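Shown next, in structure tokens, is the structure this report addresses.
The values are calculated or read from the model by the stated rules, or taken from the named source; none is laboratory data. None of these values were measured; they are calculated from a predicted model. Note: ideal-geometry Cβ built from the backbone for every residue, glycine included; neighbour counts use all protein chains shown. The protein model used for the area step is the full one, side chains on, heavy atoms only, and it has no ligands, DNA or RNA in it. Shrake-Rupley method; radii C 1.70, N 1.55, O 1.52, S 1.80 Å.
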Amino acid sequence: MLGRPFELDGTVVSGDQRGGTLGYPTANIAMDAQLVCPRYGIYAGEALGHRAAVSIGTNPHYGGTERRIEPFLLDFEGDLYGKRLVVELWARLRDEAVFDSEEALIEQIAKDVEATRAAVRPV
């Protein structure tokens, strides 16, 4: 209805540093809690010219309660702390979930990354 992909915009802040230990470092975006945000889940999209697998939600696997927006920029290396990041959302991949183990979570993230690689930007 927007005529373009939905965008999230915010400053990259320090998070729990958990994504990096799982092999998928994320850029945690600080966004005003009053701004509209899509329903919680995992999305495919783009940021800084890189495809991005984006988690929006509370990290229920780790018992989180506050909303977080965490894009993993595929094939990106660099420091984004303190920088403004605009993330386009192209497709909703799945709901948030609690997994039986951290290994199961990592396996699902790998599937999400592959789905993100295959995603097509809507026109």
Some residue of region 22-44 being modelled with pLDDT under 90, within 23 Å of A115 (Cβ to Cβ) and not in a loop (DSSP other than H, G, I, E, B): yes
Members of region 101-123 that are in a loop (DSSP other than H, G, I, E, B) and among the basic types (K, R): R121
Close pairs (8 angstrom Cβ cut-off, 6 or more residues apart or separate chains): among the small types (G, A, S) in region 94-123, open to solvent by 40 Å² or more (accessible area, probe 1.4 Å) anywhere: A97/P60; A97/H61; A97/Q108; A115/L93; A119/R51; A119/W90
Checking A30 against (1) in contact (Cβ under 8 Å) with a residue 12 or more places away in the chain; (2) open to solvent by 40 Å² or more (accessible area, probe 1.4 Å); (3) within 22 Å of P122 (Cα to Cα), the condition it does not meet: (3)
Matching residues, region 63-100, being open to solvent by less than 60 Å² (accessible area, probe 1.4 Å), part of a loop (DSSP other than H, G, I, E, B) and in contact with a helix residue (DSSP H, G or I) (Cβ under 9 Å, 6 or more places away or on another chain): L74, E96, A97, F99
In region 11-21, the residues that are part of a strand (DSSP E or B) and either under 21 Å from D95 (Cα atoms) or more than 13 Å from the chain's Cα centre (by Cα) (or both): T11, V13
Within region 45-62, considering residues that are among the small types (G, A, S) and part of a strand (DSSP E or B), the one surrounded by the fewest Cβ atoms within 10 Å (Cβ to Cβ): G57
